[in-house]
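Visitor: For reference, the structure I am asking about is given below.
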Amino acid sequence: MLVKGRTKVYDFNFHLVWVTKYRKAIFSTNRTRNDMKKILIGIAEKYGVEVNNIEVLPDHVHMMISFPPDMTPSSIVKSLKGTSARMWFKKYPDTKKQLWGGHLWSSSYFMSTLGNVSKEIVNQYINSQMDKYNGGKPTGKS
């Protein structure tokens, strides 16, 4: 989805996945899965991240997100994972007993971009711009 800000227009979409520490099935009920969804959606809203889709499974999370280009993927992940763990342990302190060292999330994650067009189409578009722009003639403007 195209997002317009005061000084930028962007369409960044990412698939983000991360797992619980030791792949423990922490979110094994509808209640715990829904609670984590609410936590993550709330954090995303706070940081200006748009959640297009989310699924919390017993031992991992999938999110399809979009965020402004001045934010880095690693800062988004850090905010989502760190804040959600603190909020989770406040609500479910007994969970720490299931996790050696008391960490909710594994330190790793997977993130990939989602595009509306392929690299080949973007290359064709860029390569065709001089032909399409003013018939290939310079406008005199720099």
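The values are calculated or read from the model by the stated rules, or taken from the named source; none is laboratory data. If you're wondering where the values come from, they're calculated on a predicted model, not measured in any experiment. Please note: Cβ atoms are built from the backbone with ideal geometry, for glycine as well, and neighbour counts cover all protein chains shown.
Visitor: Taking residue 30 as the residue in question, decide whether it is in contact with a strand residue (DSSP E or B) (Cβ under 9 Å, 6 or more places away or on another chain), of a type in the set (S, T, N, Q) and surrounded by fewer than 16 Cβ atoms within 10 Å (Cβ to Cβ).
Guide: Values: in contact with a strand residue (DSSP E or B) (Cβ under 9 Å, 6 or more places away or on another chain): no; of a type in the set (S, T, N, Q): yes; surrounded by fewer than 16 Cβ atoms within 10 Å (Cβ to Cβ): yes.
The answer is no for residue 30.
Listed here are the residues, each with its yes/no results for (1) crowded, with 16+ Cβ neighbours inside 10 Å; (2) farther than 14 Å from residue 20 by Cβ.
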| position | (1), (2) |
| --- | --- |
| 78 | no, yes |
| 83 | yes, yes |
| 96 | no, no |
| 124 | no, yes |
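Visitor: For the stretch 10-24, does any single residue satisfy the condition of being over 30 Å from residue 118 (Cα atoms) and not in a helix (DSSP H, G or I)?
Guide: Narrowing the stretch 10-24 to residues over 30 Å from residue 118 (Cα atoms): 20-24.
Filter once more, keeping what is not in a helix (DSSP H, G or I): 20, 24.
Yes.
Visitor: Please list, ordered by first then second residue, the pairs with beta carbon atoms under 7 Å, 6 or more apart or interchain, first in the stretch 47-71 and under 14 Å from residue 13 (Cβ atoms) and at pLDDT 90 or above, second surrounded by 16 or more Cβ atoms within 10 Å (Cβ to Cβ) and hydroxyl-bearing (Ser, Thr, Tyr).
Guide: Matching pairs, first to second residue: 50/66; 52/66.
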